[in-house]
Amino acid sequence: MQHTARWGYEDVLEDVSDVVETVRAPLLPSAIAAVTLLNGKTGKKSVCAMPVAQQIEPIHVWKDMLDRAGLKLADVPKTWNEYWDRWCKVAQPAVRRATGNRNVFGVEQPMSFWAFDTFFALGSTIGRRNGQSTS
């Protein structure tokens, strides 16, 4: 995608907004935003590519483990920073105390056959913790 943004800026790509508009309904706003690029020559943004795939990283919560640690599913944070802080600073220590097992860890699990799922899950985990271990 980095080349696409540069090509959009360099006025190499065509505005395909009219084509994308015909398939816009099922697309997430972030998919459209990812291909809406600034044209450095005109100073305007336009849709310069067709989104052909979307990926959402699912979050899996082991509810039984939360229950055992005395934590509530309703208290799971809604932002990434709060989410990771809670799991690393609150949930994981609580689960370890409740189970008496320090070898209990949480890991994201890819859910499809796409090879990139594993890569994105690992990358998103490392990125959210600035490359630091969460244990």
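The values are calculated or read from the model by the stated rules, or taken from the named source; none is laboratory data. Because the structure is predicted, anything quoted here is derived from the model rather than measured. Every residue, glycine as well, gets a Cβ built from its backbone with ideal geometry; the counts of neighbours run over all protein chains shown.
Laid out as a table, the results:
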| quantity | calculated |
| --- | --- |
| Positions within region 1-18 being surrounded by fewer than 12 Cβ atoms within 10 Å (Cβ to Cβ) and not in a loop (DSSP other than H, G, I, E, B), in sequence order | Q2, H3, D18 |
| Helices (runs of 4 or more DSSP H) within region 59-106 that include 3 or more residues of a type in the set (S, T, N, Q) and at pLDDT below 80 | none |
| Any chance N39 is exposed (fewer than 12 other Cβ atoms within 10 Å of the Cβ), at negative phi and of a type in the set (S, T, N, Q) | no |
